[in-house]
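The structure appears right after this line, and notes come after that.
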Amino acid sequence: KAGVTQTPRYLIKTRGQQVTLSCSPISGHRSVSWYQQTPGQGLQFLFEYFSETQRNKGNFPGRFSGRQFSNSRSEMNVSTLELGDSALYLCASSYLSGRTGELFFGEGSRLTVL
Amino acid sequence: AQSVTQLGSHVSVSEGALVLLRCNYSSSVPPYLFWYVQYPNQGLQLLLKYTTGATLVKGINGFEAEFKKSETSFHLTKPSAHMSDAAEYFCAVSEEAAGNKLTFGGGTRVLVKP
């Protein structure tokens, strides 16, 4: 069974640009969550989508957005990039949306903003 | 608001020695608690979780954790460290009615010395 796939794995952007990251969950999983990982702030929750609906959102500015498609694949977008957006963005999928905490993580997309 | 504190950002142990990673949490509701492990350049993998019931929880790779409500702790242990245990470990707590949103501690990086 294929795991969570994130693309691209690495990317470099400049300030002011926008970026779109993609996540394909494990087959059959309907929940996709996104997390940002940085050395200074650690792991922070961005948002969760379940059956194409945003279920929860973390404390990030509106420049961070996401969506989920009918096949459960998800994308997140960051507009008007800032240096502080440099991070590892992790996607996690789960069959359910609940307090199970049994999230399956991808290897992440490492974004560098210059 | 929930929070998780991991005491010690770096821990060094000798191969064969006890591994003890400390985690304390604050939560206004009965917590669901988790330990995840992250190997270099990889995503996170669930080691074990506590939801309800038995307070001593066994996980993968010989790890276990004990939930102590009176101490608001969920420390992770492994009796005998192996070189393959070198990784970063994260304690996390989930919120009721918050779907798959996890609040993570700052992480503890484990170095195993031969």
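The values are calculated or read from the model by the stated rules, or taken from the named source; none is laboratory data. Every value quoted in this text rests on a predicted model; they were computed, and no experiment measured them. Methodologically, a virtual Cβ is constructed for each residue, glycine included, from the backbone with ideal geometry; neighbour enumeration extends over all protein chains shown. The accessibility values were calculated without ligands, DNA or RNA, using every heavy atom of the protein model including side chains. Shrake-Rupley method; radii C 1.70, N 1.55, O 1.52, S 1.80 Å.
Kirkwood analysis of the Cα pair distances in the stretch B:29-86 returns a hydrodynamic radius of 12.3 Å. In the protein assembly as shown, a dipole from Cβ-located charges (positive for Lys and Arg, negative for Asp and Glu) runs towards its positive end, and of B:103, A:5, B:42 it is A:5 whose Cα lies farthest in that direction. Modelled label positions at residue A:10 and residue A:82, each set 7 Å beyond Cα in the direction of Cβ, lie 2.7 nm from each other. Tell me the carbon and sulfur percent of the accessible area for chain B, rounded to whole percent, probe radius 1.4 Å. Answer for chain B: carbon and sulfur cover 53 percent of the accessible area. In the full protein context, the stretch B:28-79 carries 50 Å² of accessible surface per residue, based on a 1.4 Å probe and ignoring ligands, DNA and RNA. Across peptide A:103-113, the average count of Cβ atoms from other chains found within 10 Å of a residue's Cβ is 3. Per residue, the convex hull around the alpha carbon atoms of the stretch A:1-44 comes to 112 Å³. For chain A, the per residue solvent-accessible surface stands at 47 Å², with DNA, RNA and ligands left out and a 1.4 Å probe. Contact residues in the stretch B:66-114 (at least 50 Å² less accessible area with all protein chains than alone, 1.4 Å probe): B:99, B:100, B:101, B:104. Summed over all non-identical Cα pairs, the Kirkwood treatment of the stretch A:67-106 gives a radius of 12.4 Å. Calculate log10 I(q)/I(0) of chain A for q = 0.21, 0.22 Å⁻¹, where I(q) comes from the Debye formula with a single equal point scatterer on each Cα and nothing for solvent. One equal scatterer on each Cα of chain A leads to -1.13, -1.23.
When B and A come together, around 1900 square angstrom of accessible surface is lost from both chains combined, probe 1.4 Å. Pairs of Lys residues in the protein assembly as shown, spaced 8 or more positions apart or belonging to different chains, with C-alpha separations under 26 angstrom: 21 in total. Shape analysis of the stretch B:1-100 yields a ratio of the Cα radius of gyration to the Kirkwood radius, Rg/Rh, of 0.96. Dipole of the protein assembly as shown computed with +1 at Lys/Arg Cβ and -1 at Asp/Glu Cβ about the Cα centre; of B:92, A:109, B:12, farthest Cα towards the positive end is A:109. Measuring nothing but alpha carbons in the protein assembly as shown and taking Rh as the Kirkwood radius, the Rg to Rh ratio lands at 0.97. Computed in the context of the full set of protein chains, the accessible area of chain A at 1.4 Å probe radius has 48% of its extent on carbon or sulfur. Measuring between their Cα centroids, the stretch A:39-66 and the stretch B:12-66 lie 24 Å from each other.
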